[in-house]
Amino acid sequence: MKKCHLICNAHLDPVWLWEIEEGVAEALSTFRVAADFCDDYNGFIFNHNEAILYEWIEEHDPILFARIQQLVKQGKWHIAGGWYLQPDCNMPSGESFVRQILAGKYYFIEKFGVEPTTSINVDSFGHTRGLVEILKNSNYDSYIFCRPEHDMIELPSDDFKWVGFQGSELTCHRAFNSYESHRGEADSKIKNYISANNSKKTGVVLWGIGNHGGGPSKIDYEKITTLSKQSDIDIIHSTPEAYFSDTKKNNIPKYDGLLNPRFIGCYTSQIRIKQLHRKLENEIYLTEKMLVQGALTGYFDYPKESMDKAIKDLLLLEFHDILPGTSTPGVEEYAITLAGHGLEEARRLKTKAFFALCQGLEKANEGIIPIIAYNPHPFEIDNIFECEYQLPDQNKDKNLFYNPVIYRDGVKIPCQVEWEQSNFNVDWRKKSAFKATLKPSQINRFDVKMEVIKKKPKVKLVKKDGYFTFTTKQLKILINSKTGTMDQYMVNGVDYLKENSFLPIVIVDDENSWAHKEKSFKNVKGQFALMEKQEGSQFAGIKGVYIESVRVIEDGKVRTVIEAIMKYNTSYLIQRYYLPKKGSEVKITTRVFWDEKMTMLKLAIPTTIKEGKYIGQTSYGVENLLTNRDEMVSHKWNMAHNEKKAVSIINTGTYGSDYKDGEMRITLLRSPGYSAGKSDFSVRRKHIMPQDRFSRFIDQGEREYEFYLNAGDFNSRRIAIDRESLSNNEKPLVLSFFPTGVGVKSDCFATLGDEATQITTLKKQENGDDYIIRLFNPLDKKVKTTLTLHTVGIISDLEFEQFEIKTLLLNANDKTIKNVDLMER
């Protein structure tokens with residue numbers, strides 16, 4: 001080795017074993033020490049990323065902030081990474097990664113006049129391959145990470161070119177022995193690295209006390225200086241960009257595989273945070289679409305400042321010790337509050353946009369209750385929708401029932417009345433489920449009329465020979481009355497599931513929040529079983545009678561809903577199957593009352609897929625997942641398939657799963673201790689959790705999940721699944737509202753002319769008055785489409801490579817669009 005670059009840093013988690021106030025305090029202390037070090041030692045360079053920390057310094061110590069600005073100009077302090085913070089790098093959507101980069105880079109450009117070209121996520125627990133295209137499109141040429149380490153995954157080299165879904169290549173470096181060094185041991189780390197990598201021409205070592213801040217120490221600097229003088233190797237204080245510049249001509253191997261698994265428990269720990277994160281993502285990106293349409297229609301000015309508050313909440317929620325669920329109870333509570341703040345900001349803006357877009361709708365005639373549905377997507381959505389509303393007055397006649405009938409443009413559509421959320425004992429509040437096709441990117445209008453009948457329609461589907469047998473032109477479904485599981489799912493005459501599908505199975509786990517070295521959760525120790533009538537009825541809160549623990553609770557022209565109540569030890573579970581009278585998509589909800597510790601819960605879905613593959617959505621891509629029961633991480637959907645047929649599962653807030661021999665297992669929750677782990681360097685006691693007192697364990701109590709099952713031939717499923725998952729997450733807003741008839745009616749905003757591409761983002765430009773349209777081709781083949789912006793009057797033919805992200809800058813005044821990168825340049 002001829003040269004070794006030393007990159008001094010002070011990794012600082014804003015929260016983890018401590019809460020946010022302590023994180024701010026440590027940032028102030030660490031940055032002061034680092035600034036003094038830069039002044040005191042010529043030639044020393046301090047590297048630090050994460051814009052959120054600099055924001056704290058700017059707010060709480062402006063004098064120190066001004067010092068850092070000068071040190072950056074002098075080359076003594078290097079702005080590294082360039083993101084808002086170091087997030088989890090598996091679970092955020094592709095668009096959320098883009099927002100992390102936009103928030104970080106624009107801050108550093110504005111405040112320091114610099115733009116890093118090496119991205120750094122050294123403490124994240126694995127990395128999605130979707131990052132390759134995102135980083136290449138954001139003016140990055142290189143990436144430094146630490147995990148997964150050598151004992152978790154074999155790479156062709158610690159320096160390699162990572163190949164993305166579209167075929168782009170990103171130069172990556174896996175750092176040696178973590179991102180930090182312990183006080184007085186930095187020189188030993190450097191020696192060990194040089195000894196292990198002596199054949200390399202140029203090397204790099206990350207050093208500095210970290211996690212709770214720290215950075216450089218005098219004893220480490222002096223030892224490094226001595227080592228540098230004694231060594232034949234040119235050991236220099238440096239930056240990530242300098243290392244990659246020195247090695248860019250090196251011939252390094254390519255790698256197109258996973259940078260996972262690592263800390264697989266983090267795909268599920270503290271599931272509430274993960275579900276709230278997904279909900280906040282959905283609300284932000286849906287609301288932005290509505291706001292752009294409202295602004296370009298002329299209803300209001302785009303409220304960028306308010307929208308940015310919700311986005312900042314999302315970015316902090318994605319921090320790599322918040323979203324993965326490795327923090328303390330106090331941090332979990334903070335994260336839930338943080339998500340709530342972001343959701344409320346988005347909700348207010350969504351409400352503003354919705355009522356603005358209702359302008360110009362005709363007033364309702366006497367006796368009509370309008371239902372307004374806004375579809376935010378540039379394609380039709382054919383689905384079952386729900387809406388609650390209030391009758392003008394209570395029905396006081398106990399011998400009559402007001403039955404809602406829904407019309408569209410004067411034509412009756414399939415609908416049924418179901419039990420509303422409330423339990424007010426009078427015929428007054430109504431909930432309708434109705435089957436409809438929503439027109440793209442616009443307001444859709446439905447009218448409700450009341451027909452007076454003697455009784456609410458009765459359930460028609462009954463148990464026979466131990467099964468509830470549900471049949472339509474497309475479906476045959478068997479729900480087992482003795483187990484509560486789905487024993488058959490047949491679509492167009494083809495069987496796709498085996499018996500005991502959606503069986504809740506209980507998996508051996510331990511107290512470790514991360515699952516440090518495990519690669520799988522596969523050892524089954526039990527399963528939920530149907531409750532006896534008496535116990536099940538008592539648990540359900542039913543008085544005086546005992547009813548079957550599998551029963552039909554709703555039945556009408558739109559769907560049949562079957563409920564099953566199960567038990568394992570002192571944990572309980574309610575599973576509902578929403579069986580459609582038309583179409584093949586089945587909604588399943590699972591409500592768990594969890595009372596187990598150091599145990600995991602999964603839903604087992606054995607399919608009839610033979611010699612199958614397992615794929616899942618990830619950040620602006622689709623990943624081929626392992627099929628050996630190792631725990632995998634993915635986003636809104638998973639699919640088991642072979643060349644002919646496929647079974648898909650859409651979720652609204654789970655990330656972990658595994659697959660083997662045709663069986664998918666979707667991970668619902670796990671219950672380790674809070675921040676329960678062990679240091680890689682020292683272990684104090686035999687057990688992680690204290691053995692002399694009560695301890696809190698994660699995800700005790702009530703949790704709820706929502707899934708959408710579908711099946712068919714593989715090519716059709718693969719084309720449809722991304723739009724289906726988008727519309728089942730960024731759901732249309734459906735609300736009963738009486739329009740005034742005043743104002744200018746909004747038109748369809750945008751449509752796409754193919755079956756697969758998506759508009760993932762409509763938003764205001766970061767710096768400027770134009771608008772950003774981000775499109776994505778989720779298929780592994782080229783696609784052509786036509787983008788029509790009806791409101792603006794633009795038609796554009798577009799071509800996409802496989803998995804291509806395409807960003808357009810819309811100038812509504814000039815009626816022009818042009819291609820830009822993810823940095824909007």
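The values are calculated or read from the model by the stated rules, or taken from the named source; none is laboratory data. Bear in mind that the values here come from a model prediction, so they are computed numbers and not experimental data. Because the Cβ atoms are built from the backbone with ideal geometry, glycine has one as well, and the counts that use them run over all protein chains shown. Ligands, DNA and RNA are stripped out before the accessible areas are found, and what is left, the full protein with its side chains, is counted by its heavy atoms. Shrake-Rupley method; radii C 1.70, N 1.55, O 1.52, S 1.80 Å.
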Original post:
To the nearest 10 square angstrom, what accessible area does residue 594 show with a 1.4 Å probe?
Top reply: 10 Å²
Subject >> Partner aspartates and glutamates for residue 784 [C-alpha distance under 19 Å; skip if fewer than 8 residues away on the same chain] >> reply: 380, 722, 754, 755, 797, 799, 801, 804
**OP:** Work out which GluC sites (Glu not before Pro) in the chain are exposed loop sites (DSSP not H, G, I, E or B, at most 10 other Cβ within 10 Å) and give the longest gap free of them.
**Re:** 367-610
**OP:** Starting from the Cα-Cα distance between residue 256 and residue 476, subtract it from 0.36 nm times their residue separation and give me the gain in nm to one decimal.
**Re:** 75.1 nm
Subject >> Dipole of the stretch 263-396 [Lys/Arg +1, Asp/Glu -1 at C-beta], most positive-end residue of 286, 276, 372 >> reply: 276
**OP:** State in Å² the accessible area per residue of the stretch 107-204; use a 1.4 Å probe, count heavy atoms of protein chains only, and round to the nearest integer.
**Re:** 35 Å²
Original post:
Of 435/731; 455/557; 249/818; 582/781; 76/105, which sit over 25 Å apart, Cα to Cα?
Top reply: 249/818; 582/781
Original post:
With the other protein chains left in place, how much accessible area per residue, in square angstrom, belongs to the stretch 708-764 at a 1.4 angstrom probe?
Top reply: 35 Å²
**OP:** Counting only heavy atoms of the protein chains, get the accessible area per residue of the stretch 317-454 (1.4 Å probe) and round it to a whole Å² value.
**Re:** 46 Å²
Subject >> Candidate lysines - alpha carbon under 18 Å from residue 597, same-chain residues fewer than 8 apart omitted >> reply: 522, 525, 567
**OP:** Work out the length of the dipole vector of the chain about its Cα centre, built from +1 on the beta-carbon of each Lys and Arg and -1 on the beta-carbon of each Asp and Glu, and round it to the nearest 20 debye.
**Re:** 2620 debye
Original post:
So how strong a dipole does the stretch 357-515 carry about its Cα centre when Lys and Arg Cβ are +1 and Asp and Glu Cβ are -1, to the nearest 20 debye?
Top reply: 920 debye
Subject >> trypsin sites (Lys or Arg not before Pro) restricted to DSSP loop in the stretch 363-417 with at most 14 other C-beta within 10 Å >> reply: 363, 396, 398
Original post:
Between the helical axis of 271-296 and the dominant principal axis of the chain, each derived from Cα atoms, what acute angle in degrees is found, rounded to the nearest 10?
Top reply: 80 degrees
Original post:
Hey, what angle do you get for helix 62-73 against the long axis of the chain, alpha-carbon based, 0 to 90 degrees rounded to 10?
Top reply: 60 degrees
Subject >> Mean separation of Cα contacts under 8 Å, 6 or more apart, over the residue count of the chain: relative contact order % >> reply: 13 percent
Original post:
If you place +1 on the Cβ of every Lys and Arg and -1 on the Cβ of every Asp and Glu, how big does the dipole about the Cα centre of the stretch 693-747 come out, in debye to the nearest 20?
Top reply: 160 debye
Original post:
What aspartates and glutamates sit close enough to residue 412 to cross-link, taking a C-alpha to C-alpha distance under 12 Å and skipping anything fewer than 8 places away on the same chain?
Top reply: 447
Original post:
If R0 is 35 Å, what FRET efficiency do you get for residue 196 and residue 112 from their C-beta distance, rounded to 0.05?
Top reply: 0.50
Subject >> Gained length - residue 533 relative to residue 593, 0.36 nm times residue gap less alpha-carbon distance >> reply: 19.8 nm
**OP:** Only helical DSSP H runs with n ≥ 4 go in: add -39500 (n - 2.57) per run for the chain, normalise by residue count and round the 222 nm mean residue ellipticity to 500 deg cm²/dmol.
**Re:** -7500 deg cm²/dmol
Subject >> Cβ-based charge dipole, the chain, positive-most Cα from 228, 503, 68 >> reply: 503
Subject >> Mean separation of Cα contacts under 8 Å, 6 or more apart, over the residue count of the stretch 488-546: relative contact order % >> reply: 25 percent
Original post:
When the accessible area of the chain is computed with all protein chains present and a 1.4 Å probe, what percentage of it is carbon and sulfur?
Top reply: 46 percent
